[in-house]
Amino acid sequence: MISPAPIDCRTAVLRIWDYLDEELDEARMAEVTAHLQHCRGCAEHYTFARALLDTIRASRTHAPPPDSLRERVVSVLKKEGFTLA
């Protein structure tokens, strides 16, 4: 396997959110992984972002939104000229 190309801290930090969402291609995922293994500063950015996402996921409720919310959204869309099937 070919080693990932080295990337700088700016590039790593700019890719962190896409990295966490696994939205990068395989080569870019490998570049960020390699960088995070060797850069303490960027690893701290990663740790913060990971903790933030985990906290948001944990705080979400799995209950469906109330019908009144749907009714309000549909009403606003209709007032804006949208037609709903």
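Overview of values
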| item | result |
| --- | --- |
| Options Ala12, Ala34, Ala5: the member that is in contact with a helix residue (DSSP H, G or I) (Cβ under 8 Å, 6 or more places away or on another chain), modelled with pLDDT of 95 or more and not acidic (Asp, Glu) | Ala12 |
| Every residue from the stretch 58-80 that is outside any helix (DSSP H, G or I) and over 28 Å from the mean Cα position of the chain (by Cα) | Glu80 |
| Single match in Thr83, Thr55 (criterion: exposed (fewer than 14 other Cβ atoms within 10 Å of the Cβ) and in a helix (DSSP H, G or I)) | Thr55 |
| Subset of the stretch 28-44 [free of Cβ contacts under 8 Å to residues at least 12 places away in the same chain and basic (Lys, Arg)] | Arg40 |
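The values are calculated or read from the model by the stated rules, or taken from the named source; none is laboratory data. Just so it is clear, the model here is predicted, and its values are computed rather than measured. Note: ideal-geometry Cβ built from the backbone for every residue, glycine included; neighbour counts use all protein chains shown.
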